[in-house]
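Working notes, structure below.
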Amino acid sequence: ARSFADIGDIVRGKGLFYGNPQEKEKRKQLDDNLKTIFKNIKNKNKDLATLKTKEVREYWWNANRAKVWEAITCKAKEADKYFRNTCSNDTSDTNEKCRCDGRNGTNAGKAGGNVTIVPTYLDYVPRYL
C-alpha cells in the first residue's frame, strides 16, 4: 500500500517511489502515463500553457489533493485507522474516519472535520535514507 505522501510524490514526479526493483518497468510506465496526462492538461488549459510539465504536476496536486484524500478515506469506517497518534495533543489514536475533528484543541481546518480537509502534514513527509 502507498501512503498519501507517496501518492503526492508520484503525481508531482518527485523521488519516484523507489521500491521493489522488479517493478522498475511498471514505475516507468506509470510515470510515462502521468507525463502524457499532464501534458494534455497543459495543452487544454491556456492558463497553464506557459508552465513546464513539472509545474503543471504541482499545480494539479495542489488543486486536487483534497479529492485524492477524500477518495482514500471516503469508505473508512468509524473504527478504521489510517495512521495513529495524530490529530491530538496527547497520545490518543485518530478516530472520526481518520480525520482531525477539531476537538481537544486539534486543527481540523476551516471546515471543522470536513472529509475534504487534508491534514497538511501527510503529503510533505521528508525522506530518510
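The values are calculated or read from the model by the stated rules, or taken from the named source; none is laboratory data. These figures come from a predicted structure and were not determined experimentally. Cβ sites come from the backbone with ideal geometry, for glycine too, and all protein chains shown count toward neighbours.
Considered as a group, the residues in segment 59-89 that are of a type in the set (F, W, Y) and not in a helix (DSSP H, G or I) include one that is modelled with the lowest pLDDT, and that residue is F83.
The rows are residues; the columns are (1) more than 19 Å from R65 (Cα to Cα); (2) surrounded by fewer than 10 Cβ atoms within 10 Å (Cβ to Cβ); (3) modelled with pLDDT of 85 or more.
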| site | (1), (2), (3) |
| --- | --- |
| S3 | no, no, no |
| D6 | no, no, no |
| K14 | no, no, no |
| F17 | no, no, no |
| P21 | yes, yes, no |
| L30 | no, no, yes |
| L34 | no, no, yes |
| K44 | yes, yes, yes |
| L48 | no, no, yes |
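Taking segment 28-73 as the range and being of a type in the set (D, E) and in contact (Cβ under 8 Å) with a residue 12 or more places away in the chain as the test, the residues that pass are D31, E58, E70.
Please go through segment 41-63 and give me each residue that is polar (S, T, N, Q) and over 21 Å from the mean Cα position of the chain (by Cα), ordered by number.
Of everything in segment 41-63, those that are polar (S, T, N, Q) and over 21 Å from the mean Cα position of the chain (by Cα) turn out to be N43, N45, T50.
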